[in-house]
Amino acid sequence: MARLPLSGEIRVTSGDGNEMTHRPEWTRQRNSFTIQEQTSFPAVNKITSTSFGDGTAFDKHTPLGFRVVQNVYEFKNSRFGLLHYEISLAENAEPLEGVYVGFWADIDAPDYPDRSSPANDKVGKVFNDKAAFIFDGETEATEIPLLGAMILGIEAPMVSYWKAGDDPNDDEQRYAYLQGNTPGTTGTGDYRILLSYGPFPLVAGETIQLSVVIVQAPELADFEDNLSDAAEFHGEELGFAALKKRAASLFPTRTSDNVLPRDFALHANFPNPFNPNTQIQFDLKEAVDVNLAIYNGNGQLVRTLVNGFFAAGAYTTTWEGLDNHGRQLPSGVYFYKMSAGVFQAQRKLLLLK
């Protein structure tokens with residue numbers, strides 16, 4: 001995924017393990033799974049959110065310090081689903097250069113009408129080669145079934161694919177695949193597809209946003225129509241016309257290691273009123289699961305700032321006035337609520353534009 005500036009060492013962190021083990025490197029953070037069944041989008045049935053982190057090192061594979069927030073949009077009358085990712089680098093992490101992010105999938109197309117044999121699949125590409133799909137090699141690409149994906153909001157994403165047996169075996173190979181350097185393959189086979197973007201630098205505290213649409217369609221024309229609908233929703237409804245990068249961390253920063261707090265506390269944010277960002281400090285007298293979130297005046301959750309397990313200490317985190325989808329919120333009164341074990345507290349803040 002990245003190259004360390006000083007040593008030039010390549011490090012890749014992956015959801016499916018590494019060259020030493022098949023254990024996933026990504027761990028779901030405690031209490032991070034939520035389902036939002038009432039949304040502000042008429043076309044969206046629900047939004048499911050989960051947070052992952054690579055903060056636990058194992059088998060000598062050093063984590064990079066990433067946290068990934070995954071929001072899955074389920075639509076009411078569409079053949080596509082949208083996955084929006086916020087990828088943050090912890091504030092105590094090493095700066096990275098040559099960063100690539102990628103979404104890979106092992107999609108198998110069932111034989112028409114009801115048989116399953118992934119070994120005879122083929123890969124097709126549309127939308128100026130920005131979208132890839134898998135289809136049964138014994139049919140035409142215009143026939144059922146088609147299942148594929150595309151990165152949204154990126155002018156020139158890389159679309160790569162390879163056959164089973166050519167999977168990358170170490171970090172150098174994975175990094176090469178993220179750069180689009182995959183084995184040349186043709187004909188039928190059991191394919192994997194990889195959508196990637198980069199390179200770009202990433203420093204401690206920064207967040208990159210990335211969206212991927214997954215489409216299932218009965219024919220090629222319908223597949224392309226759904227890609228267009230997803231791109232329109234992504235740009236016009238979510239406001240994510242292009243990949244965004246911001247210097248606002250989802251990670252709290254411990255402010256003191258010498259003197260531990262005697263109690264739990266949630267302090268007044270500063271500044272208040274604020275524009276464009278404000279800091280929120282909280283104290284933990286012991287290690288505990290912490291949830292710190294922002295709510296609007298109607299009591300609706302708009303942003304989760306902290307959700308995880310933390311050691312005792314004093315912490316400070318920053319809110320930049322954005323919601324969980326990266327959109328700027330309007331001026332007004334908001335509330336931030338914290339729960340840490342049996343401790344609960346709430347305070348008010350004012351966003352001015």
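The values are calculated or read from the model by the stated rules, or taken from the named source; none is laboratory data. A quick note: this is a predicted structure, and the numbers were derived from the prediction, not measured. Counting neighbours? That spans all protein chains shown, and the Cβs are built from the backbone with ideal geometry, glycine included. These area figures cover heavy atoms from the full protein model, side chains too; ligands, DNA and RNA do not enter into them. Shrake-Rupley method; radii C 1.70, N 1.55, O 1.52, S 1.80 Å.
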Of the residues that make up the stretch 129-146, is at least one open to solvent by 20 Å² or more (accessible area, probe 1.4 Å) and at pLDDT 85 or above? yes
Residues that are modelled with pLDDT of 65 or more, open to solvent by less than 20 Å² (accessible area, probe 1.4 Å) and touching a helix residue (DSSP H, G or I) at 6+ places or on another chain (Cβ under 8 Å), drawn from the stretch 1-51: Val12, Ser14, Phe41
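Would you mind finding the one in Asp229, Asp225 that is touching a Ser or Thr at 6+ places or on another chain (Cβ under 8 Å) and either modelled with pLDDT of 80 or more or on the phi < 0 side of the Ramachandran plot (or both)?
On the way: Asp225 fails: touching a Ser or Thr at 6+ places or on another chain (Cβ under 8 Å).
Going through Asp229, Asp225 in turn, just one is touching a Ser or Thr at 6+ places or on another chain (Cβ under 8 Å) and either modelled with pLDDT of 80 or more or on the phi < 0 side of the Ramachandran plot (or both): Asp229.
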In this structure, does Leu227 turn out to be of a type in the set (A, V, I, L, M), over 19 Å from the mean Cα position of the chain (by Cα) and either under 18 Å from Lys130 (Cβ atoms) or not in a helix (DSSP H, G or I) (or both)? yes
For Phe335: the one exception among (1) farther than 24 Å from Glu37 by Cα; (2) open to solvent by 50 Å² or more (accessible area, probe 1.4 Å); (3) assigned to a strand (DSSP E or B): (1)
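Of all residues being under 16 Å from Val123 (Cα atoms) and aliphatic (A, V, I, L, M) in the stretch 157-189, which is least open to solvent (accessible area, probe 1.4 Å)? Just the residue, please. Steps first, please.
Just the residues of the stretch 157-189 that are under 16 Å from Val123 (Cα atoms), to begin with: 158-164, 166, 180, 182-189.
Narrowing the set further to residues that are aliphatic (A, V, I, L, M) leaves 158-159, 164.
Details: Met158: 46, Val159: 25, Ala164: 50 Å².
That would be Val159.
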For the stretch 72-92, what are the residues that are open to solvent by 20 Å² or more (accessible area, probe 1.4 Å), within 18 Å of the chain's Cα centre (by Cα) and more than 24 Å from Leu147 (Cβ to Cβ)? Glu91
I'd like to verify a number: residues in the stretch 190-213 that are open to solvent by less than 30 Å² (accessible area, probe 1.4 Å) and either modelled with pLDDT under 90 or in a loop (DSSP other than H, G, I, E, B) (or both), how many? 8
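So which residues in the stretch 214-224 are open to solvent by 10 Å² or more (accessible area, probe 1.4 Å), in a helix (DSSP H, G or I) and among the hydrophobic types (A, V, I, L, M, F, W, C), if there are any at all? Outline the logic, then answer.
Within the stretch 214-224, the first condition is being open to solvent by 10 Å² or more (accessible area, probe 1.4 Å), and the residues that meet it are 214, 216, 218-222, 224.
From the residues that got through so far, the ones that are in a helix (DSSP H, G or I) too are 220-222, 224.
Listed by number, the residues that qualify are Leu220, Ala221.
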Top-ranked residue of the stretch 276-295 - restricted to ones that are assigned to a strand (DSSP E or B) and open to solvent by 10 Å² or more (accessible area, probe 1.4 Å), ranked as nearest to Trp319 (Cα to Cα): Gln279
